[in-house]
Amino acid sequence: MNSYKEIARNGIWKQNTGLVQLLGLCPLLAVSTSFVNGVSLGLATILVMTMASGVVASVRSFIPHEIRIPVFILIIASLVTMVDLAMNAWLHELYLVLGIFIPLIVVNCIVLARVEAFAAKNTPFAAAWDGAMMGVGLVVAIALLGGLRELIGTGQLFSGIDMVIPGTRALQLLPEDYPGFIVAILPPGAFIVLGCLIAGRNWLDAHAERKRAAHAAPAHAA
Amino acid sequence: MLKVLLALVPGIAVYVWFFGAAILVQIALASAAALAGEAAMLKARGKPVALFLTDGSALVTAWLIALTFPPIAPWWLTVTATLFAIVVAKHLYGGLGQNPFNPAMVAFAVSIIAFPALMSQWPAVGFTDFAAQMAVVLQSQSAQDAVTMATPLDALRTQLHTPEARATVAGVLGSHATFGNIGGKGWEWIALAYLAGGLWLMQQRIITWHVPAAFLAVLALIATGFSLGNPDRYAGPVFHVVTGGAMLGAFFILTDPVSGATTPRGKLIFAAGAALLTWIIRSFGAYPDGMAFAVLLMNLCVPLIDMGTQPPVFGHKSQKREKRHE
Amino acid sequence: MNEPTAARASLRNAVILTVFALVFTTLMATTYRATLPSILASAEAEKLKLVGEVLPAARYDNALLSDWVDVAVRAELGLAAQDDPVRLYRARHGGAPAALVFEAVAPDGYGGRIRLILAVGADNRLIGVRVVSHKETPGLGDYIDPKKDRNKASPWIRQFDATGFAEVAAADWKVKKDGGRFDARAGATISARAVTGAVRRALQFAVDHRDRLYALPAQSVFEKSVP
């Protein structure tokens, strides 16, 4: 469990926050209207999770058991506030688009869950790595979700990229006269696409399981 | 299911009479898409294709989609919507007998949200030139204002919505070319043909009286109440019953045995709820006809309704009694 | 557990919690101070960008954002009784009046209020109109927002650009369907009708009160003179 490779596997695939644990669905569904929005919020979450887990693990010996939750919340809320201020200052346009969902990272249960379940019991580096990998898992999920919704809904990808990297433009992947299946961008589309992603992940898992079983069976017979 | 299709024929005949033969092309398109989607999904799920394909349920879905969509909808919209209904709304939810939502209504709801402009392009009464209609369907020519027209419900709502016009229901109904004697021009006769087909289904014991009677009665009742209270703002019962998807819905959509309620009392509640929602969405909602959304919302309530109306099995204590003993 | 130990434990927890609170509050305060200038600059740039949508920056040279008048006139700008007054910015070029930039509301959109920003030139000519926020049906009525308009080459809202107030007769300030001169997309006339009406009312207001609006001292309140 504590090998760094195992932590990464856990965060990105086995316990993926968006597709397996289904924690923090509110921002996942609300912000994934486009690739850029989704990934930006995901990156902010990575930042917060890495810092929060790292900080909590470094000071865990000073935190009495009874008041650990208030202290965790205090740490997470401060870090989120700092990220919020930083984005407001340097990525203002994106900040306006993501709006309430940056401060809401505080109440994203995945942050507190990892801090409580992992960081409070492990070394700072392992904890920071765990926070980062959980965040990467979220980014992967939200990037897929956002990318698919944007592509199906508008025929474009990376719209709004100029808010992050000035001078770049969205890619028009589908023909210019693609009518745009805007259901994908509206709230119902978030649920439908997320459902398909979860089904796809489960299918891949089942597929791998079958392969392993088929591989193991002859050996067993012998 | 064959009889259900048969019962739709008079309605379709009247439809062709008033709005031209494009609807037949739409029905063919939807049927082909439905059968192809059904066969592909059955194969993928490892079910006997021929056995399930001949039950006709996919065709009913296809016909209902064609009949609720504008006859001059672009061909790809009809095909995509039908495939969505069969693949997503029906098979991904477990196939016939398992789908909680009426597939045709899912297709309608998805399409009207995704392509509101295309879904509100209805041919004007008297625009029956088949070649011209096909040009629009095949998208070699975009629909012109001259050949399209708002549906009666849409026209009424748009006019009442304009604060400057100070329109009244009577004023709108009297002035507009869309409106006929009791409902929409042409639409009222199609609705009556559906009614005839529906009554025949009832006589054949394919459907029971509960759903259509409760739906139409409650819709008429609410419409009567409000139009008596404020005749300028709310349309009367006859208008509501013969326009939009009301008649088709009452006999052919809400009566779907899979996604509807199963007990007699449940059917009454289910249909009454759908009528209430239809009226509310028509009168206050953002989309012209509330039928599809009402059906889907009531589909959601079906497990609850069925649970509440299940007759107690003989020899078992009713749940209420058990509670009291605790 | 006896009394004194419990009390001591509570005290210890309180101290630890306070220390954490102090440390992290200090961190937050430091971040706040470090980012404040950038945040203010960004907010200002954002506002200027919005103004820039309707009024090219080359047309004025004053400090636009500090040369404002609060307008407490509601009916003409489509405001409801509980709304705050509208802040009207006055663009000047070389000291001479160049344009008035202000927000107006179309209260009768299909999905509710449509907020617009307009720039009206000193020659009583509209310079530009943009939709700031709206709730029109996606894919149907949202073409009033040029970002959502499928016709990228000439978005719908641009037809108001450079329209002179005197050029258009009062009866023509309507969408074509109502006998006026402005286009509307088929199937979604209500949105266009609402915007057209609001633009007319707002333009009329700017024209009627032009001289007083430019003459008022900066950062004062404009009220309609009581007849």
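The values are calculated or read from the model by the stated rules, or taken from the named source; none is laboratory data. Bear in mind the structure is a predicted one, so any value in this text is a computation, not a measurement. Cβ coordinates were reconstructed from backbone atoms using ideal geometry, including for glycine residues, and neighbour counts include every protein chain displayed. Surface areas here come from the heavy atoms of the whole protein model, side chains and all, with no ligands, DNA or RNA. Shrake-Rupley method; radii C 1.70, N 1.55, O 1.52, S 1.80 Å.
Suppose the filter is open to solvent by less than 20 Å² (accessible area, probe 1.4 Å) and either in contact with a His (Cβ under 9 Å, 6 or more places away or on another chain) or within 12 Å of chain C (Cβ to nearest Cβ) (or both); does residue A:76 pass it? Lay out the reasoning, then the answer.
Working: open to solvent by less than 20 Å² (accessible area, probe 1.4 Å): yes; either in contact with a His (Cβ under 9 Å, 6 or more places away or on another chain) or within 12 Å of chain C (Cβ to nearest Cβ) (or both): yes.
In short, yes.
Tell me which helices (runs of 4 or more DSSP H) are completely within region B:90-138 and hold 1 or more residues being over 30 Å from residue B:42 (Cβ atoms) and either basic (Lys, Arg) or within 14 Å of chain C (Cβ to nearest Cβ) (or both), or say none if there are none. Give the derivation first.
Numbers: elements: B:103-114, B:116-119, B:130-137.
In region B:90-138, B:116-119, B:130-137 are the helices (runs of 4 or more DSSP H) which contain 1 or more residues that are over 30 Å from residue B:42 (Cβ atoms) and either basic (Lys, Arg) or within 14 Å of chain C (Cβ to nearest Cβ) (or both).
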Exercise for the section: Return the pairs, sorted by first residue and then second, in which the second residue is in a helix (DSSP H, G or I) and open to solvent by 80 Å² or more (accessible area, probe 1.4 Å), the first residue lies in region C:18-35 and is closer than 13 Å to residue A:63 by Cβ and more than 7 Å from every other protein chain (Cβ to nearest Cβ), the beta carbons are less than 9 Å apart, and the residues are 6+ apart or on different chains. Expected result: C:19/A:62
Fill in the blank from the handout: The residue that is most open to solvent (accessible area, probe 1.4 Å), considering only those in region B:1-26 that are under 21 Å from residue B:90 (Cα atoms), part of a helix (DSSP H, G or I) and touching a Ser or Thr at 6+ places or on another chain (Cβ under 9 Å), is B:4
Practice task
Answer yes or no: is there a residue in region A:199-222 that is surrounded by 16 or more Cβ atoms within 10 Å (Cβ to Cβ), in a helix (DSSP H, G or I) and among the small types (Gly, Ala, Ser).
Solution key: no
Problem - Any hit, region C:66-78, residues being within 30 Å of residue B:285 (Cβ to Cβ) and in a strand (DSSP E or B) - result: no
Handout entry: Tally of residues being at pLDDT below 85 and hydroxyl-bearing (Ser, Thr, Tyr) across region C:59-110
Key = 1
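Is it the case, given these coordinates, that residue C:179 is buried (at least 19 other Cβ atoms within 10 Å of the Cβ), within 14 Å of another protein chain (Cβ to nearest Cβ) and modelled with pLDDT under 85?
On the way: buried (at least 19 other Cβ atoms within 10 Å of the Cβ): no; within 14 Å of another protein chain (Cβ to nearest Cβ): yes; modelled with pLDDT under 85: yes.
Judged against the criteria, residue C:179 is not a match.
Could you tell me which residue of region A:156-198 is most open to solvent (accessible area, probe 1.4 Å), considering only residues that are part of a helix (DSSP H, G or I) and more than 22 Å from residue B:84 (Cβ to Cβ)?
We begin by selecting, within region A:156-198, every residue part of a helix (DSSP H, G or I); these are A:161-163, A:182-184, A:187-198.
Narrowing further to those that are more than 22 Å from residue B:84 (Cβ to Cβ): A:161-163.
On the way: A:161: 35, A:162: 77, A:163: 35 Å².
Checking each candidate, the answer is A:162.
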Completion exercise
Taking region C:138-151 and the residues there that are in contact with a Ser or Thr (Cβ under 8 Å, 6 or more places away or on another chain) and within 12 Å of another protein chain (Cβ to nearest Cβ), the one that is modelled with the lowest pLDDT would be C:140
Fill in the blank from the handout: When (1) hydrophobic (A, V, I, L, M, F, W, C); (2) touching a residue at least 40 places away in the same chain (Cβ under 8 Å); (3) within 13 Å of another protein chain (Cβ to nearest Cβ); (4) open to solvent by 20 Å² or more (accessible area, probe 1.4 Å) are applied to residue A:94, the one that fails is (4)
Fill in the blank from the handout: Among C:130, C:113, C:90, the single one that is open to solvent by less than 10 Å² (accessible area, probe 1.4 Å) and in a strand (DSSP E or B) is C:90
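Give the residue, chosen from A:186, A:104, A:144, that is more than 30 Å from residue C:35 (Cα to Cα) and away from every other protein chain (no Cβ under 14 Å).
On the way: A:186 fails: away from every other protein chain (no Cβ under 14 Å); A:104 fails: more than 30 Å from residue C:35 (Cα to Cα).
Among A:186, A:104, A:144, only A:144 is more than 30 Å from residue C:35 (Cα to Cα) and away from every other protein chain (no Cβ under 14 Å).
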Exercise for the section: Determine which single condition residue B:83 fails, assuming it passes every other condition in (1) open to solvent by less than 50 Å² (accessible area, probe 1.4 Å); (2) touching a residue at least 40 places away in the same chain (Cβ under 8 Å); (3) in a helix (DSSP H, G or I). Expected result: (1)
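Taking residue B:61, is it farther than 29 Å from residue B:303 by Cβ and assigned to a helix (DSSP H, G or I)?
Working: farther than 29 Å from residue B:303 by Cβ: no; assigned to a helix (DSSP H, G or I): yes.
For residue B:61, the condition - farther than 29 Å from residue B:303 by Cβ and assigned to a helix (DSSP H, G or I) - is not met.
When you check residue B:201 against the structure, is it in contact with a Lys or Arg (Cβ under 7 Å, 6 or more places away or on another chain), assigned to a helix (DSSP H, G or I), at pLDDT 85 or above and more than 14 Å from every other protein chain (Cβ to nearest Cβ), yes or no? Let's see the steps before the verdict.
Numbers: in contact with a Lys or Arg (Cβ under 7 Å, 6 or more places away or on another chain): yes; assigned to a helix (DSSP H, G or I): yes; at pLDDT 85 or above: yes; more than 14 Å from every other protein chain (Cβ to nearest Cβ): yes.
So residue B:201 passes the test.
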Practice task
Determine if region B:254-264 includes at least one residue that is within 17 Å of the chain's Cα centre (by Cα), buried (at least 24 other Cβ atoms within 10 Å of the Cβ) and in a helix (DSSP H, G or I).
Solution key: no
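Of the residues A:143, A:170, which single one is out of contact with any Lys or Arg (no Cβ under 9 Å at 6 or more places or on another chain), within 30 Å of residue C:137 (Cβ to Cβ) and modelled with pLDDT of 90 or more? Steps first, please.
On the way: A:170 fails: modelled with pLDDT of 90 or more.
Just one listed residue meets the conditions, A:143.
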Handout entry: Unmet criterion (only one of (1) in contact with a helix residue (DSSP H, G or I) (Cβ under 9 Å, 6 or more places away or on another chain); (2) within 26 Å of residue B:89 (Cβ to Cβ)) for residue B:257
Key = (1)
Exercise for the section: Restrict the check to region B:56-70 and report whether at least one residue is more than 15 Å from residue B:8 (Cα to Cα) and open to solvent by 20 Å² or more (accessible area, probe 1.4 Å). Expected result: no
